[in-house]
Amino acid sequence: MKIEKLAQGLTVYDVGRQKMGNTNMTTVCVWRVFIHSVDLEKRIVKASWNNNQVREYHESTWSKWRLKEPNLIKTSFGHRLAKRGET
C-alpha cells in the first residue's frame, strides 16, 4: 500500500497468521486498523490497531496493510484467504 492512499479516518486491514489455542496449527486472522493521522514527510502513520491505543507505524508495517477487507474461507482447521475465483 502506498502512503498517498492512507488518510485520516480511514479503516484498513492487517492480515496475519496466528496459532489456534495451545496447538501448533495456525489460522489466518484479519485485524482492523483505524488511521488517526498521516505524516507524508516522515512517512509515519499514527493508527490504532484492533481498537488499542494509538501508535506510530513505519513503512515496513503500513506497507502491508490492505485497503479492502479480505475474504476468509473456513476450513476444517481454521481459516485461509480466498483465492481469486472464490468469494
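General observations
- Cβ crowding within 10 Å averaged over residues, with 6-14, 73-81 ranked highest first: 6-14, 73-81
- Lysine pairs in the chain with Cα atoms under 17 Å, if 8 or more residues apart or on separate chains: 12
- Net charge of Cβ neighbours under 15 Å - reference M25; Lys, Arg +1; Asp, Glu -1: +4
- Size of electric dipole in the chain: Cβ of Lys, Arg +1 and of Asp, Glu -1, about Cα centre, debye, nearest 20: 320
- For the stretch 54-87, GluC sites (Glu not before Pro) are listed when DSSP marks them as loop and at most 11 other Cβ atoms sit within 10 Å of their Cβ; the list is E86.
- Label selected from (i) 1.13; (ii) 1.22; (iii) 1.01, the criterion being Cα Rg over 2.2 N^0.38 Å as computed here: (ii)
Every read-out reported here was derived from the displayed coordinates using simple, explicitly stated rules and does not represent laboratory data. Nothing here was measured: the structure is a model prediction, and the numbers come from that model. So basically every Cβ, Gly included, is an ideal-geometry build from the backbone, and we count neighbours across all protein chains shown.
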